[in-house]
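Heads up, the thing below is written out as structure tokens.
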Amino acid sequence: MNDLQRALKIAFASEFAFYLKAHYFHWNVEGPNFPQLHDLFGKIYEEVYSSIDTFAEEIRATGAYTPGSFSRFSVLSLIDDEVDVLPPEAMLIELLQDSDKMSEMFRVVFDAAEELGLHGLSNFLADRQDAHKKHSWMLRSTLK
Ligand SMILES: [Fe+2]
């Protein structure tokens with residue numbers, strides 16, 4: 001397995017962990033702003049989840065196998081698991097930090113794919129970076 005494949009698996013496991021956390025927050029958020037926050041977390045998890053299958057198949061197209069188990073994800077992911085039910089503002093802060101981390105991860109992996117001339121893959125990674133920039137914008141604006 002080469003460095004790019006290793007980095008892709010880490011980004012994939014991290015993206016899945018990010019998706020799960022956004023869904024978890026969607027389920028468990030409480031408070032006077034419940035409808036807005038439930039919807040915001042809902043939009044974020046749906047967008048991220050919609051990218052997962054394509055991401056997995058991009059990894060397969062490099063010749064590597066795609067991880068797909070909680071045990072492998074927990075070893076590979078750079079997004080820390082959340083097991084507590086946090087107050088709404090702490091959910092927003094945590095998901096914002098994670099989204100920024102994801103967009104930085106995609107920026108780095110994009111460069112690795114571009115160096116190898118894998119333009120289809122790098123397009124996908126650029127789109128993921130951009131999607132996380134938008135998630136971060138919405139989370140940051142909600143916190144103001
Ligand atoms: Fe729902």
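Please treat every number below as a calculation from the coordinates, not as lab data. Model, not experiment: these values are computed from the prediction. Backbone-built Cβ (ideal geometry, glycine too); neighbour counts: all protein chains shown.
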How much mean residue ellipticity at 222 nm does the chain get from its helices, if each DSSP H run of length 4 or more adds -39500 (n - 2.57) and you divide by all residues, to the nearest 500 deg cm²/dmol? -27500 deg cm²/dmol
Kirkwood Rh and Cα Rg combined as Rg/Rh, the chain: 0.99
Let's test the formula: R0 of 30 Å, r as the Cβ-Cβ distance of H38 and E104. What FRET efficiency results, to the nearest 0.05? 0.65
Can you give the FRET efficiency for R140 and M1, using 1/(1 + (r/R0)^6), R0 = 25 Å, r = Cβ-Cβ distance, to the nearest 0.05? 0.10
Quote to one decimal, in nm, the extra length available between V85 and E115 on full extension: 0.36 nm per residue of separation minus the C-alpha distance between them. 6.6 nm
Enter the mean projected area of the convex hull around the alpha-carbon atoms of the range 27-76, in nm², rounded to one decimal. 4.5
